[in-house]
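Colleague: Before anything else, here's the structure in question.
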Amino acid sequence: MKDDDPDADMVILDDAGNGFRSQEQYWPLALLEGGKKPIVIYKMSLPLAEGKLWDHVRKNHADRLVVVISADDLRASGVNISRCLSWRELQRILSGRWLPIQRFCLCELR
């Protein structure tokens, strides 16, 4: 990666399910350098919460991790989210215990 800063304060990952998650040589150095703790914004696509990248980020950066998942990808993975919910109701469901997030190993990130 050109101009990859190992001391970056923030890393934004757009994992489009195209093989990036399994190719460590392409991951940002700030994720791989020992002792570095950047804020990580991880836009995840199907299959959810799988692969070497997810395992690494969850293990090493969980305390500074923001995961972005589309509602359609959650639905495709079996999460029952209605298309007719208000933002307030959706927030209550996603932040509560109704969402089977243990299935995706996201429960450790709460």
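The values are calculated or read from the model by the stated rules, or taken from the named source; none is laboratory data. What you see is a predicted model, and the numbers here were worked out from it, not measured in a lab. Cβ: placed from backbone, ideal geometry, glycine included. Neighbour counts: every protein chain shown.
Colleague: What's the total number of residues in segment 1-33 that are part of a helix (DSSP H, G or I) and surrounded by fewer than 13 Cβ atoms within 10 Å (Cβ to Cβ)?
Modeller: Residues meeting the conditions: 4.
Colleague: Only one of these is without any contact (Cβ under 8 Å) to a residue 40 or more places away in the chain and either of a type outside the set (A, V, I, L, M) or assigned to a loop (DSSP other than H, G, I, E, B) (or both): ARG58, ARG75. Name it.
Modeller: When all the criteria are applied, what remains is ARG75.
Colleague: Would you mind finding the one in SER82, SER86, SER45 that is touching an Asp or Glu at 6+ places or on another chain (Cβ under 9 Å) and modelled with pLDDT under 90? Let's see the steps before the verdict.
Modeller: Details: SER86 fails: touching an Asp or Glu at 6+ places or on another chain (Cβ under 9 Å); SER45 fails: modelled with pLDDT under 90.
Exactly one of SER82, SER86, SER45 is touching an Asp or Glu at 6+ places or on another chain (Cβ under 9 Å) and modelled with pLDDT under 90, namely SER82.
Colleague: For segment 52-66, check the following and say yes or no: at least one residue is surrounded by 15 or more Cβ atoms within 10 Å (Cβ to Cβ), in contact with a helix residue (DSSP H, G or I) (Cβ under 9 Å, 6 or more places away or on another chain) and of a type in the set (Val, Ile, Thr).
Modeller: yes
Colleague: Still on this model: LYS36 is checked against (1) of a type outside the set (A, V, I, L, M); (2) at pLDDT 90 or above; (3) over 28 Å from LEU90 (Cβ atoms); (4) surrounded by 12 or more Cβ atoms within 10 Å (Cβ to Cβ) and fails just one. What number does that condition carry?
Modeller: (2)
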